[in-house]
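First comes the structure, then the notes that go with it.
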Amino acid sequence: MGFFFGMIIGIAIGIGLIVAFARAERIRSKCRSDLAKTVAAFARMTVQDSRKLLPSQYYPSWAASELIKSNVEPILEQYRPVVLSSLKFSTLTLGTVAPQFTGVTVVESESVAGGITLELELQWDGNPNIVLDIKTRVGLALPVQVKNIGFTGVFRLIFKPLVDEFPCFGAVSYSLREKKKLDFVFKISGGDISSIPGVSDAIEETIRDAIEDCITWPVRNVIPIIPGDYSDLELKPVGTLEVKLVEAKELTNKDLVGKSDPFAAIFIRPLPDRTKTSKVIDNDLNPIWNEHFEFVVEDSSTQHLTIRIFDHEGLQAAELIGCAQVKLSQLEPGKVKDVWLKLVKDLEVQRDTKYRGQVHLELLYCPFGIDGNIVNPFDHDFALTSLEKALKHESNETDSLELRKTAAQKKKEVFVRGVLSVTVISAEDLPVVDFMGKADPFVVIIMKKSEAKAKTRVVTNNLNPVWNQTFDFMVEDALHEMVMVEVWDHDTFGKDRIGRVIMTLTRVLMEGEYQDCYDLDIAKSGRIYLSLKWVAQHKVRDT
C-alpha cells in the first residue's frame, strides 16, 4: 500500500526539479511562453536524461516512511474490508531502488490556453520492507509481508493557470493517468495467506480500490504554488449515470449444497459511500433484481462502470463469482443502452477463460447543462403529466423549489403512471422442441410487479410464427416495472418454456414508441419481434 504514496512523493520531487530547472534557466521575463519552452525541453529528454535528473539520493526513504505511514493508515481504515477488524503497518521502509521516469510527453490536445499538461511514464521494481499487522473479526492476528512490488504507470501533471509571475504557473495538479502494471504478493510470516479463505482477496481488493480512488484519473490532487483560489481545478461532477440492474444468467455455482445466493456491488469510483449494493437473491443462478441506481460522473471520456457479482455467505466473506466493466465513453448521452456483460475473474489480468455467466444492465448517461435536450425518466419532473406541470407552474416559486428538492431526495417515491401497449409481432428460428421436428409456440406477457398477464394464440407446427397481437396493461409504477415475455411450446400433455426476454420500461418511457428484435434467453436459438408503446395517464398525484 505504501508504494503508491512513495510514487506521489516522487512526483512532488519531480515537480520541485521542474521548478529548479526553470530557475537554472534563469526565467526572469515572467512570460507564459518561457514555461512552455521549459516543459518542451522536458518532453525532449531521453530516458538516460530523466534518470540523471532523478537519482536515488533524492528519495529520502528514511524520512518518507513515517510520512507514508501516517497518511496511509487512515486510508487503509477507510477501505478496510468487513472481514478484518484492523489493518496497520508494523514495518515500512521504501528500500534502495528508486522509481525511474521512462518517458516524458507534452499532451498537446490537453494543453489548451491557460495551462500545460505533461505526462510522465514511471517504472518501479522496488525492494521495500512492508509488513502489515492484520487482525480478523475472529481475533486472529496475521503479520503479512508485501513483496515483489512491480509498477508501471503514467502520471499526468497539469500546470494551470499560467501566470505572469515566477514560476509562471499558479498550481500543479497530479493524477495517475494510466496504470499499466501493478504486481505484488503477500506472505504470512511462517505460513501461506491463501490458506485463510477470503483474506488475501480482501486485502488485494482493498489496495487496488484505494489506488483507483485516491490518485487515479479523473481524481486529481492540486498543489498550490502561488497563493490563490484553485477550486476550479478540483474534480467536479459533469453528469449522472442511471443504471438498471436487470438480471443475470448462468452464474457459476459457488455452493456445495444448493445454489449460490447472488448479489451485486456496482460503482464508478470504489468509495464505500459511492458503491451501490443490490439485494441478495437466495438460491438462484438466474436471478432477477430489477433495481435502479444513480451514479455521479466526473469524466465520461475515461471513467467506467464496474459491477461485481458475489455469492452471499452470511457471516463469512462473500465469494466473488465474476466481474465486468463498461466504458462510459461507449454510451450516447440521452440514449438507453441495453447490454449483456460477460463475467470474468479479474479485470486487470485475464487469468482464465472460464465461463462465469452474464449480467444484464440498462444504462442511461445524462450530462449536466443540456437538460432540455435529454429526457431522463428518473428525473422528478418527468413523472409529472402535462396537467400536473401546468398546475405546478401556477404554484409559487418557493413551493416549486421545495417540491423539486423533496422529489430529488426521494426518487423511489415518484410514480410514473400510464398505459403500456405490447404488440407481439413474430418470432423466428425457434429451437425444435417436439418429436416431430417442430413446435407449437405461444407467448405469455407478464408484468412482474403487478403480476398482470396476457397470452397470445397458439401457432401450430411452426418455428417462425407470426402473431401480430396487441395487449394493453395499466401500469401504476413504470420506473420499477418489468415486462417478461416468455415463449412457450403448447403440448397436449403439458407446456415447455422455450425462452424469454426481460426488459424494463425505461426506453419506452423516453421514446414513447419503438419496435425491436430480441434474442431469447435460456434458449439454444430464437428471436422475437416486439413493439412497445407508452401513453401517460393524465392524473394529478397527491403531493
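Surrounded by fewer than 17 Cβ atoms within 10 Å (Cβ to Cβ) and within 13 Å of the chain's Cα centre (by Cα): is that true of LYS335 in this structure? Against the criterion (surrounded by fewer than 17 Cβ atoms within 10 Å (Cβ to Cβ) and within 13 Å of the chain's Cα centre (by Cα)), LYS335 does not qualify.
Scanning the range 71-96 for residues that are open to solvent by 60 Å² or more (accessible area, probe 1.4 Å) and assigned to a loop (DSSP other than H, G, I, E, B), which turns out modelled with the highest pLDDT? Filtering the range 71-96 for residues that are open to solvent by 60 Å² or more (accessible area, probe 1.4 Å) and assigned to a loop (DSSP other than H, G, I, E, B), the one modelled with the highest pLDDT comes out as THR96. Tallying residues that are in contact with a helix residue (DSSP H, G or I) (Cβ under 9 Å, 6 or more places away or on another chain) and at pLDDT below 90 within the range 339-369 yields 1.
Of the residues making up the range 150-196, those that are among the aliphatic types (A, V, I, L, M), modelled with pLDDT under 80 and under 27 Å from the mean Cα position of the chain (by Cα) are LEU182, VAL185.
If only residues of the range 483-526 that are surrounded by fewer than 18 Cβ atoms within 10 Å (Cβ to Cβ) and farther than 22 Å from GLU428 by Cα are counted, the one that is modelled with the highest pLDDT is GLU513. For the range 291-302, the set of residues classified as out of contact with any Phe, Trp or Tyr (no Cβ under 9 Å at 6 or more places or on another chain), within 27 Å of ALA478 (Cα to Cα) and open to solvent by 30 Å² or more (accessible area, probe 1.4 Å) consists of GLU291, VAL296, listed by residue number. Checking LEU305, LEU320 one by one, the residue that is open to solvent by less than 10 Å² (accessible area, probe 1.4 Å) and closer than 24 Å to LYS179 by Cβ is LEU305 and no other. Among the residues of the range 154-172, those that are under 20 Å from PRO99 (Cα atoms) and touching a helix residue (DSSP H, G or I) at 6+ places or on another chain (Cβ under 8 Å) comprise PHE155, LEU157.
The values are calculated or read from the model by the stated rules, or taken from the named source; none is laboratory data. Being a predicted model, the structure only gives us computed values, none of them experimental. Because the Cβ atoms are built from the backbone with ideal geometry, glycine has one as well, and the counts that use them run over all protein chains shown. Note: accessible area is taken over every heavy atom of the protein model, side chains too, but ligands, DNA and RNA are not part of it. Shrake-Rupley method; radii C 1.70, N 1.55, O 1.52, S 1.80 Å.
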